[in-house]
Structures are given as C-alpha cells and as structure tokens.
Amino acid sequence: MISSGINKVYVDRDVLSNAAAILDHLFWCIIDNRIFLMYIMGCTIMNRRLSMVNNIMKELQALSDPEKAEFLPRFFKTLPGGYAEGDIFIGVTVPKIRSVAKKYHALPFTQIRQLLRSPIHEHRLAALLILADRFGSSDEAAKERIAEFYLHNLNYVNNWDLVDLSADKVLGAYLFSRDRSILYSLCKTGHLWSQRVAIISTFFFIRRGQFEDTFRIAGHLLGHKHDLIHKAVGWMLREVGKRDREAEELFLKKHYRSMPRTMLRYAIEKFSPEERQRYLKGLV
C-alpha cells in the first residue's frame, strides 16, 4: 500500500509537471502572438504614415506643369553659382501646393520633416505651409513645438519664397509676445536665408503696429551684399510706411544715403514720383 501510494504521488507530480509545461507554452504563445500583433500594427501605422507622405508627393507630381518646371529653376536661380544652386522644381504653383497641404493639416512632425528635407522645392514648401496653417489653430504648447521644429530645420527653409510664406506666420507669430533676441542672432549669422527669416518675421509685428524690431534689424542689414536681403528689408520698410509713413520716413532720412539702391527703391515704391526722385537724387 505504501508502495502504491508512493507511485500515485509520482504520477500526480508528472501530471502536474506536464500541465505546467503546457500552460507555460500557452503563456509564451500568447505573449509571442501579442508581440507579433503589436509588430504588425506598428508596421501598419508606419506604412500608413509613409503612404501619407507618398500621397502628398504623388498629388504634387500630378499637379506639375512641364512649362513651369522648365521656367522656375531659372527664375529661382538654381543653376551653378545661383543663390538656389541645385534646388529641384517639378512645376507646381503655390495655390495648388496650398490646396494639397490643407488636406494634410494633421501630418505628424516626422512626416513633415521628411517632406521638408526633400530635394524637391515644392515638397519643402508643402511642409512649411502645413506648419504655418497648423500654427494658427494650435494651443500654446503646440505652437512652441512648431516654432522649435521650424528653427531646428531652418537649413531647409532655403529659398526666398519658402522664407516669405512661413517666417512671419510661424516664427514671427510665436515671438510676438515673447523674447525676440533669436531674430538678432539669426541676423548676425551671415547665413542668407536665416537673415531673411529675421527681417521677414517682423512682418507679423508690423501688421500689429510694432515697428521697432523691423528698424533695428534693417539697421543691422544695411551693409549686406545680397540683393535678396536688400529687397526683403526694402519690402518691410514699405510695409511700415503703409501703416505709418512718418515712422518710415524718419528711418529713411537717417539712412537712405547709405542704403543699397535696391533697398531704397523697394522702400519708396509707394511714394509719389516726385518724392521718389528726391530720395534717389539725395535731395531729402
């Protein structure tokens, strides 16, 4: 009886051991399946996001105009030695790019970054238009993230239209109620596009009746050698004059004799022919 009892115990232990092994196997099968399912879900999400970027690129390509694709590289100086050397255009107009960008308002930052780092100009512009559009409807935390993203990727905001369609709407808007010292840092970089970002960002301030930063940055850029800075500064001074002619002329009378000619012409474009001639001839 004792021997039989002992044998019974051994049988029970074997059964328990086998059951435990089966349960352990089932447990790891469940875990493995969950991991596999999570992997599949992750791949699906990633593919969906990648397809969003691919969709944007395909939509833009479908809107391209061969004639514009031939004209725009010359207009934007992409040939060797030009200010946009190597930039690639597929020939899509800004309104059409904007219409595509609006459909992808919620595109994740990782995908915006992918667009912004594309060698194709229209892809980069689409990314910037998405940022500018999103900024206006975001809360403060989201606006800060957008502005930081913009600054961290400033090397890809590398043509005058990319700057002009984004700088005031993102960076200028963000800095309106904050410290603006970053604009003066950008102004002193010696980097063409960063300097244009600095002056164009002040357009947001100008529209709200604040001109001091425009005048200060314009003063820093008076001796700049590139006509794209001359045009940008002259344009912003002209925008000041539309709102406060006396303020613009006060700045001009102090600096117009030392201003690059293009800058001055842009600044006085809205003056009467007689007034323009007086400035151009140094008679003011």
Exercise. Mind ordering 115-126, 210-221, 255-266 by average Cβ neighbours within 10 Å, highest first?
Worked result: 115-126, 210-221, 255-266
Exercise. Which whole number in µm²/s is D for the range 111-270 by Stokes-Einstein, with the Kirkwood Rh taken over Cα pairs at 37 °C and 0.692 mPa s?
Worked result: 207 µm²/s
Problem set entry | Length-normalised contact order of the range 173-225 in % [C-alpha pairs under 8 Å, at least 6 apart] | 31 percent
Exercise. Near Lys68, which lysines are there with a Cα under 30 Å away, not counting those fewer than 8 places off in the same chain?
Worked result: Lys58, Lys77, Lys96, Lys102, Lys103, Lys169, Lys225, Lys231
Seminar exercise, completed: Net charge near Gly82 (other residues with Cβ under 15 Å of its Cβ; Lys, Arg +1; Asp, Glu -1) is -2
Exercise. Using the Karplus equation 6.51 cos²θ - 1.76 cosθ + 1.60 (θ = phi - 60°), what ³J(HN,Hα) coupling, rounded to whole Hz, does each residue of the range 140-153 give in order, writing x for Gly and Pro?
Worked result: 4, 5, 5, 4, 4, 5, 5, 5, 5, 4, 4, 5, 5, 10
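Read the figures in this text as sums done on the coordinates, not as results from a lab. Because the structure is a prediction, the values reported are computed rather than measured. As a convention, Cβ positions derive from the backbone with ideal geometry for all residues, glycine included, and neighbour counts pool all protein chains shown.
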